[in-house]
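Working notes for the structure below.
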Amino acid sequence: MSAFGKRGVELLKEVVNHEPDMLPSYNEELVRLVFSEIDEHYVQAQRVLSAVNCNQQSQQEGEEEDTGEQAEGGGLQDKPADAVAMVIHYESIARNKRLLLSYIAQRVERLKNVRWQHRELPESVAEACSPQELEFYHKYDQLLTKHMSKHEGIGHDLTLDILPPGDNFVAVRVVRDAGMQLFSSGPLGLHEGACLRLPADEAQPFLISGVLKLDNRKEFI
Amino acid sequence: MDPSQATPVPDESASAPPPSGDIELLIQATLNEKNAPEILEFKQDVVDRLQGALSAQEEYVEALESDMCQELRRMVLSLENKRVRYLLKLYHRTRLQKIEKFAASIVADEQYQDRLSESEMQYCRDYFVLLGRHFHGMVLDHLPDDFRPLVKLTKLSTHDDLILRPKLNTHVFVKAVDNCGSVLLNEDLVLDVTQNDLFIMRYEPMAHLVRTGQVVLI
């Protein structure tokens, strides 16, 4: 316990320094170590407190005091060393709590981004999550889907149309086979390597899922 | 564009074009929402009117689809539909992001709750509960008893010190659309705001004027 809160800082750094769009795997080991550090601080704090209380009781036997609370304050005031120890232990726990919460909150933000950008949970992200985080993801997914649904919510899929609309049609290239898909112009086979012109709003879901890529080469348009 | 092709465009009386005033209003509301540190009032009537007009025009465009002579007109109108739809989504999305960010302070403060639409309020509550459960499951339940509260650092904290509140004293770009008279900046500093004035200033003294629409954030 030489460096108070150092492990918590490491934990937070790990997620903050990671690539913004990716989720590092949940560091259960380090989280557990931070929890044990907190427990140790708490035990030490309790020990200091009970030692002070013991002293007081022996003092109280000699002289009458008004209330327990005042007596406790008096006890710590008599011993600045104990008071400082208490404060340090409590502040360390509080700091570790903040660090852990920030760690989880950072991961929550990234999980939410996954929902907004990919619509479904990629394998690589799912592996990086703890079971509780997976549960959070699915609940958040349900919540957002419900809010965007026609019957109970606003009736718009807010995860689409992130960019303002440009042309009605976009030139795209198929980068992953997706078989036959139905478009407003009729069924169309999406085979790898094909260059197509599609209505922008119909191409968008495929662009997000990585089947299509925008083709910016002018000669194909 | 070839003028002979463009002739059918100006005649839109048959369709139900979205009232352009509402579009302006929603653009302004979205800008305000993007730039203000706190959540603003939900423009229910503007959103409802635009939503209605959009659905009507979408139906109209669909009806045009069978008629090849109206192809250009269909394309122009469907592009307009897309733009309005984008604007509506942008507005909803901007608010939703803010609501998620300040969920705890909205749940704690009735003044903010009045500014949310019904479904937004429902979302806010559900989201706060979800996040709270997650934090409890992951961290708080493993801490010593004194440190378990979600919105306080310890049980001894005198106020909810873990809630993220909007920073009302951040600086914003303000444009006055109206003569607003004098605005009190602090005890002994008064600012005269006349039409078309531009300021970079703290948000808080201007908050009430943003709400009434006398100034806009840009």
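Where a number appears in this text, it was derived from the coordinates with a stated rule and is not lab data. The shown structure was predicted, so the numbers you read here are calculated from the model rather than taken from an experiment. Counting neighbours? That spans all protein chains shown, and the Cβs are built from the backbone with ideal geometry, glycine included.
Add -39500 (n - 2.57) for each DSSP H run of 4 or more in the protein assembly as shown, then divide by its residues: what number comes out at 222 nm, to the nearest 500 deg cm²/dmol? Walk me through the intermediate numbers first.
On the way: 15 runs with 239 residues, N = 439.
Here the helix-only value at 222 nm equals -18000 deg cm²/dmol.
Work out the length of the dipole vector of chain A about its Cα centre, built from +1 on the beta-carbon of each Lys and Arg and -1 on the beta-carbon of each Asp and Glu, and round it to the nearest 20 debye.
Once rounded to the nearest 20, the dipole reads 1360 debye.
Give me the one-decimal nm value for the distance between modelled label points at A:Glu135 and A:Asn113, 7 Å along each residue's Cα-to-Cβ direction.
2.6
Would you please calculate the Kirkwood hydrodynamic radius of chain A over all C-alpha pairs and express it in Å, rounded to one decimal?
22.8
Relative to the Cα centre, what is the charge dipole magnitude of the protein assembly as shown, using +1 at the beta carbon of each Lys and Arg, -1 at the beta carbon of each Asp and Glu, and rounding to the nearest 20 debye?
Charge dipole, the protein assembly as shown, about its Cα centre: 1240 debye, nearest 20.
Could you list, bin by bin from short to long, the percent of Cα-Cα pairs of chain B in 5 Å steps?
Spelled out per bin, shortest first, that is 1, 6, 11, 13, 12, 12, 11, 10, 8, 7, 4, 2, 2, 1, 0, 0.
Suppose each label sits 7 Å from its Cα in the direction of the beta carbon; what would the B:Leu185-B:Arg211 distance come out to in nanometres?
The modelled label-to-label distance comes out at 2.3 nm.
Given A:Val43, A:Pro122, A:Asn96, which one lies farthest toward the positive end of the charge dipole of the stretch A:6-148, if we put +1 on the Cβ of every Lys and Arg and -1 on the Cβ of every Asp and Glu?
A:Pro122
Report the relative contact order of the stretch A:6-148, percent, no decimals, based on alpha-carbon pairs under 8 angstrom and at least 6 residues apart. Numbers along the way, then the final one.
Working: 89 pairs, mean separation 51.2, N = 143.
Normalised by residue count, the contact order of the stretch A:6-148 is 36 percent.
When all C-alpha to C-alpha distances in the stretch A:165-210 are sorted into bins of 5 Å, what percent of pairs does each bin hold, rounded to whole numbers?
Taking all Cα pairs of the stretch A:165-210, the binned fractions are 5, 22, 36, 28, 7, 1 percent.
At each listed q (0.09, 0.10 Å⁻¹), what is the log10 of I(q)/I(0) that the Debye formula gives for the protein assembly as shown modelled as equal alpha-carbon point scatterers?
With no solvent term, the Cα-only Debye profile gives -0.81, -0.95.
In which sequence would A:Arg107, A:Arg47, B:Arg115 go, from the one with the fewest C-beta neighbours within 10 Å to the one with the most? Let's see the in-between values first.
Values: A:Arg107 22, A:Arg47 12, B:Arg115 16.
Fewest-to-most ranking of A:Arg107, A:Arg47, B:Arg115: A:Arg47, B:Arg115, A:Arg107.
Shielding by partners for B:197-205, please: the mean number of other protein chain Cβ atoms within 10 Å of each residue's Cβ.
0
At 0.36 nm per residue, and after removing the present C-alpha to C-alpha distance, how many nm does the segment from A:Arg47 to A:Leu160 gain when stretched out fully?
Numbers: separation 113, 0.36 × 113 = 40.68 nm, distance 5.70 nm.
Length gained, A:Arg47 through A:Leu160: 35.0 nm.
What is the local net charge at B:Leu189, summed over the other residues whose Cβ is closer than 14 Å to its Cβ (Lys, Arg +1; Asp, Glu -1)?
-3
Arrange the following residues from fewest to most other Cβ atoms within 10 Å of their Cβ: B:Asp67, A:Asp39.
Working: B:Asp67 10, A:Asp39 14.
Ordered from fewest to most neighbouring Cβ atoms within 10 Å, B:Asp67, A:Asp39 come out as B:Asp67, A:Asp39.
Describe numerically, in nm with one decimal, the distance between label points set 7 Å from Cα along Cα→Cβ at A:Val16 and at B:Leu72.
For the pair A:Val16/B:Leu72, the computed spacing is 5.8 nm.
Largest first and in whole Å, what are the equivalent-ellipsoid semi-axes of the stretch B:105-153 based on the Cα gyration tensor, each being the root of 5 times an eigenvalue?
Gyration-tensor ellipsoid for the stretch B:105-153: 26, 12, 4 Å.
FRET efficiency for A:Phe4 and B:Gln97, Cβ-Cβ distance as r, R0 = 30 Å, nearest 0.05? Write down the numbers at each step before the final one.
On the way: r = 35 Å, r/R0 = 1.18.
Efficiency computed from Cβ-Cβ geometry: 0.25.
Please state the relative contact order of chain B as a whole percent: Cα pairs under 8 Å, 6+ residues apart?
19
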